[in-house]
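Novice: Can you keep this structure in mind? I'll have questions shortly.
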Ligand SMILES: [Zn+2]
Ligand SMILES: [Zn+2]
């Protein structure tokens with residue numbers, strides 16, 4: 001059975017609606033407050049731009065580029081340089097997962113405890129698509145933990161390839 005692929009980076013006009021990881025307003029709000037609390041210990045101040053950015057990233061839990069993030073409804077009217085700086089700082093603070101092929105079209109996704117997503121990354125254009133890995137890797141995580149003596153072993157998968165738009 002082929003893996004189910006949810007294409008995330010096609011233009012909205014020709015993108016088939018596919019199930020996505022979305023959080024309700026209340027769940028996202030609670031999560032954002034927890035993240036901000038943690039960020040305050042790292043020297044962050046709670047600003048409206050920070051809260052809006054985190055809320056967008058929590059409500060629509062998918063990897064997004066700077067351009068996508070900056071054009072989201074609650075962020076579109078804001079100073080894009082500020083948004084850029086916040087994303088860089090959040091990445092440094094370790095609350096974001098960064099995806100992409102080398103520096104090409106870097107995508108950022110909020111790390112949410114308990115959420116697991118694996119992705120396909122196009123080596124040509126940098127498009128990112130979610131992939132449902134048919135074989136769960138939890139047994140492998142347990143085995144690695146047992147063999148190494150390490151605790152809380154987890155994984156993130158990124159598969160690299162050439163997307164249908166780039167394939168000749
Ligand atoms: Zn998720
Ligand atoms: Zn491509």
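Novice: Considering every residue within segment 21-31, establish whether at least one is crowded, with 19+ Cβ neighbours inside 10 Å and either in a loop (DSSP other than H, G, I, E, B) or modelled with pLDDT under 95 (or both).
Specialist: Yes, some residue in segment 21-31 is crowded, with 19+ Cβ neighbours inside 10 Å and either in a loop (DSSP other than H, G, I, E, B) or modelled with pLDDT under 95 (or both).
Novice: Please enumerate the residues belonging to segment 69-81 that are in a loop (DSSP other than H, G, I, E, B) and either surrounded by fewer than 16 Cβ atoms within 10 Å (Cβ to Cβ) or at positive phi (or both).
Specialist: 71, 73, 74, 76, 77, 79
Novice: Here's another thing I want to ask about it. Return the residues of segment 34-68 that are surrounded by 19 or more Cβ atoms within 10 Å (Cβ to Cβ) and assigned to a strand (DSSP E or B); say none if nothing qualifies.
Specialist: Of everything in segment 34-68, just one residue is surrounded by 19 or more Cβ atoms within 10 Å (Cβ to Cβ) and assigned to a strand (DSSP E or B), namely 64.
Novice: Kindly list the number of the only condition in (1) touching a strand residue (DSSP E or B) at 6+ places or on another chain (Cβ under 7 Å); (2) within 10 Å of ligand 2 (Cβ to nearest atom) that fails for residue 118.
Specialist: It fails just one condition, (2).
Novice: Give me the pairs, please: first residue somewhere in segment 107-132 and closer than 21 Å to residue 53 by Cα and in contact (Cβ under 8 Å) with a residue 24 or more places away in the chain, second residue anywhere and away from ligand 1 (no atom under 14 Å from the Cβ) and assigned to a loop (DSSP other than H, G, I, E, B), beta-carbon distance under 6 Å, and either six or more positions apart or on two chains.
Specialist: Between residues of segment 107-132 that are closer than 21 Å to residue 53 by Cα and in contact (Cβ under 8 Å) with a residue 24 or more places away in the chain and residues that are away from ligand 1 (no atom under 14 Å from the Cβ) and assigned to a loop (DSSP other than H, G, I, E, B), the close pairs are 107/65; 128/9.
Novice: Further question on the same structure: Sort through 100, 126 and tell me the only one that's in a loop (DSSP other than H, G, I, E, B), in contact with a strand residue (DSSP E or B) (Cβ under 9 Å, 6 or more places away or on another chain) and surrounded by 14 or more Cβ atoms within 10 Å (Cβ to Cβ).
Specialist: 126
Novice: Among the residues of segment 103-123, count how many are over 26 Å from residue 35 (Cβ atoms) and part of a loop (DSSP other than H, G, I, E, B).
Specialist: 1
Novice: Continuing with this model, one more query. Please state which one of 85, 62 is out of contact with any helix residue (DSSP H, G or I) (no Cβ under 6 Å at 6 or more places or on another chain), modelled with pLDDT of 90 or more and within 16 Å of ligand 1 (Cβ to nearest atom).
Specialist: When all the criteria are applied, what remains is 62.
Novice: Also, I was wondering about something else. Being outside any loop (DSSP other than H, G, I, E, B) and under 20 Å from the mean Cα position of the chain (by Cα) is the filter here, so list the residues in segment 142-168 that pass it.
Specialist: 158, 159, 160, 161
The values are calculated or read from the model by the stated rules, or taken from the named source; none is laboratory data. In this text the structure is predicted, and so the values were computed from the model without any measurement. Glycine gets a Cβ as well: all are built from the backbone with ideal geometry, and neighbour counts include every protein chain shown.
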